[in-house]
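Report on one structure; see the data block that follows.
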Amino acid sequence: MPGTLHKVVIVGGGFGGLYAAQNLKGAPVEVTLLDRRNHHLFQPLLYQVATGGLSSANIAAPLRNVLKRQRNATVLMEEVTGFDPARREVLTAGGRISYDTLIVAAGARSSYFGRPEWEAHAPSLKTLEDAVEIRRRVLTAFEEAERESDPARRREWLTFVVVGGGPTGLELAGALCEISMQTLKGEFRRSDPSEARVILVEAGPRVLPPFHPNLSENAKRALERLGAEVRTGCKVLAIRAGAVELERDGQPETLAARTILWGAGVAASPLGKKLAEAAGAETDRSGRVKVGPDLALPGHPEILVIGDLAYCPDASGQPLPGLAPVAMQQGRYAAQALRARLKGRTPAPFRYFDKGTMATIGRRAAVAQVGRLRLSRHAGLAGVALHPPDVYRDLRQPRIDPAAVGLELRLPRARGAADHPARRGAGRRRASHTGHPGTPGEGPGSIDPPLRTGRSRVHPRRPAPFAECRETSGAVDLIIPAYRPPTGGSAMATCVVCGKSIGLLAGAASGHYKEYRCGVCGSLVGDGCFERSSNGKGEELHTCLKCAQDGKRAERPTGGMLAQAGREVADEWALKFRGEGDRLLDRADERARKLLNETDERAHKLVEHLRAETDQAAERFVQHVEKALERRAKEEVRTAVLLFFIMASAVAVTGALSLLFAWLHKVVL
């Protein structure tokens, strides 16, 4: 790419950074996206991963895969360590990266209010690693309760304390109640998961403080109906291993709980403080960088801060909340402002359009607030309007099949689960190996989340490029998408001899790349688990090792090779059609983005036109009033003069008559 292009460096691959990069597609700039991870995370559904409702790959998409068709974008997995505004360089662990325009969208992190030692005992929920750790602790608690014979210690394992009454705390508490009351019902023999206590602790007077008080009360009642205990006005004094100390109405209390989850405090990324010190900017108490109306730093128009890291007040002077829609709109505005500056125009100030906020409590209850409209109970349909469809479009990635990477399938007891093909035929199964580079965040010995068994259709896509995956204590740094065939049920066949998966993806670990059918029992077998023979007609016969040990031999061909060749041809044509579909989707996305930008520009122009017309009408009204007042004043002056002349005339006439009468009186006398 030519060196004369305008260099744009974006720090952070969250909602703000990704939207800024996508909206610069086709612009005469060179975009470099820096992030310490190579995937974009859909954080609103992170609690589903933490409670086993979704797999990690369901809410994460590789950044390179999202931007693979954007020629002017490059993704680098780098750890940003500082900034040098004087030389216009970003400091990373691998060196320095120069820029002409810098967009910082580093996001936020959890805050323990000056008590960092609590983090070891009460994990927060901000990253995939946090979600996997919470899921491990939750599922391990139920397993330990099953092994425990002491009732008191069993109650400790079945007590879950969630600190924080915000949306994250309510979502975690609601999901934990459904796990204990519904999903795990009847799966344990020595313990009863329905006896679990889920306690939500909030220091304020009510849950969901940003929402209307009526919605907060509805959310509290919905959570209590699920079986949770909600304690408002309750402060946390200390957290240690196996216990949490609380204070309510001046009365201290100690709760014995082996699982404590943190969802209370949020602070800006440490990069905000480093950027403020380097550029001479100001920060608020939580570390957010104060920006101007155009989201740029004062004195540094080439540096823009967006998302949770930016302190940007709205029209009322209150700072915008740290929500995904705010970051997305700011990312889109940053790209549009840069395009305007490259054309020599001054961008208009940023204006946030509030589409509303929503918090879910379990799977069947939610509260939503859209302006003056307040919804509760079954407010899930409002989420379709609150979350833009392009958010989910960016996450339309193939799902990783657990059977292909050696993970145990755990099917929840939900409606329709009994009809699931894996429930009917396979049940629970485990491959012979315990780890695989494609495992989405689960290391050896970890517990896999339940497989979703809803009625949603699986749309196949072309296999995405693979990346390296590092397994460290059950945590994941990289996300790998995998191909899932369009057929329903299990995504991979299983060898009847060794039980390993068969297929292109599973072959790397099991050695079974192709499937064959035994000519005796008709079962599927993989490479190396059958014997070849010939019937004298030049036809190849296959006999599985089980039948061969019983002394049986195949006498007729099964057509396995022909079926495999047919499947390969079908897969090749399917990939071609998917490629055409992807290109059509890209064209539609580009057209929709252009239409959206044009609509925004027209809306702004219409607003400005209406504002100008309103100002002119107000001026005309003022002038009309002033003229009316002037006319009334003139009429009053004219009336006063007329009255003066009338009175003067009356006085003159009266005087003349008096003189006349006096003369007549003299004459007569």
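The values are calculated or read from the model by the stated rules, or taken from the named source; none is laboratory data. Nothing here was measured: the structure is a model prediction, and the numbers come from that model. Every residue, glycine as well, gets a Cβ built from its backbone with ideal geometry; the counts of neighbours run over all protein chains shown. Just so you know, the surface numbers come from the protein's heavy atoms only, side chains and all, with ligands and any DNA or RNA stripped out. Shrake-Rupley method; radii C 1.70, N 1.55, O 1.52, S 1.80 Å.
One table, with the values for the structure above:
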{"quantity": "Exclusive hit being in a helix (DSSP H, G or I) and among the aliphatic types (A, V, I, L, M), set Ala327, Ala359, Ala348, Ala315", "calculated": "Ala327"}
{"quantity": "Residues satisfying the stated conditions in segment 188-203, i.e. under 13 Å from Phe142 (Cα atoms), in a loop (DSSP other than H, G, I, E, B), touching a residue at least 24 places away in the same chain (Cβ under 8 Å) and open to solvent by 50 Å² or more (accessible area, probe 1.4 Å)", "calculated": "Arg189, Arg190"}
{"quantity": "Residue match in segment 336-350 (condition: touching a helix residue (DSSP H, G or I) at 6+ places or on another chain (Cβ under 6 Å) and touching a residue at least 40 places away in the same chain (Cβ under 8 Å))", "calculated": "yes"}
{"quantity": "Residue in segment 302-315 that is least open to solvent (accessible area, probe 1.4 Å), counting only those that are free of Cβ contacts under 8 Å to residues at least 40 places away in the same chain and either more than 14 Å from Arg351 (Cβ to Cβ) or of a type in the set (Val, Ile, Thr) (or both)", "calculated": "Ala310"}
{"quantity": "Only listed residue being buried (at least 21 other Cβ atoms within 10 Å of the Cβ) and without any contact (Cβ under 8 Å) to a residue 60 or more places away in the chain, chosen from Leu45, Leu33, Leu18, Leu41", "calculated": "Leu33"}
{"quantity": "Residues located in segment 60-97, provided they are open to solvent by 10 Å² or more (accessible area, probe 1.4 Å) and β-branched (Val, Ile, Thr)", "calculated": "Val66, Thr74, Val75, Val80, Thr81, Thr92, Ile97"}
{"quantity": "Leading residue by the ranking (surrounded by the most Cβ atoms within 10 Å (Cβ to Cβ)) among those in segment 235-250 that are assigned to a loop (DSSP other than H, G, I, E, B) and touching a residue at least 24 places away in the same chain (Cβ under 8 Å)", "calculated": "Gly242"}
{"quantity": "Subset of segment 1-14 [under 22 Å from Leu128 (Cβ atoms) and not in a loop (DSSP other than H, G, I, E, B)]", "calculated": "Ile10, Val11"}
{"quantity": "Qualifying residues in segment 251-293 (those that are surrounded by fewer than 17 Cβ atoms within 10 Å (Cβ to Cβ) and in contact with a helix residue (DSSP H, G or I) (Cβ under 7 Å, 6 or more places away or on another chain)) - the one farthest from Val90 (Cα to Cα)", "calculated": "Ala256"}
{"quantity": "Pick from segment 325-358, criterion closer than 30 Å to Leu176 by Cβ and out of contact with any Gly (no Cβ under 8 Å at 6 or more places or on another chain), ranking: least open to solvent (accessible area, probe 1.4 Å)", "calculated": "Pro325"}
{"quantity": "Candidates Asn214, Asn218 - the one that is open to solvent by less than 70 Å² (accessible area, probe 1.4 Å), part of a helix (DSSP H, G or I) and in contact (Cβ under 8 Å) with a residue 40 or more places away in the chain", "calculated": "Asn218"}
{"quantity": "Members of segment 89-135 found to be farther than 24 Å from Pro62 by Cβ and assigned to a helix (DSSP H, G or I), listed by number", "calculated": "Pro116, Glu117, Trp118, Glu119, Ala120"}
{"quantity": "Test result for Glu580, of a type in the set (Asp, Glu), over 30 Å from Lys68 (Cβ atoms) and either in contact with a Cys (Cβ under 8 Å, 6 or more places away or on another chain) or at pLDDT below 85 (or both)", "calculated": "no"}
{"quantity": "Filter result (open to solvent by 10 Å² or more (accessible area, probe 1.4 Å) and at positive phi) within segment 120-176", "calculated": "none"}
{"quantity": "Subset of segment 98-114 that is open to solvent by 10 Å² or more (accessible area, probe 1.4 Å) and of a type in the set (A, V, I, L, M, F, W, C) - its residue that is farthest from Ala86 (Cα to Cα)", "calculated": "Phe113"}
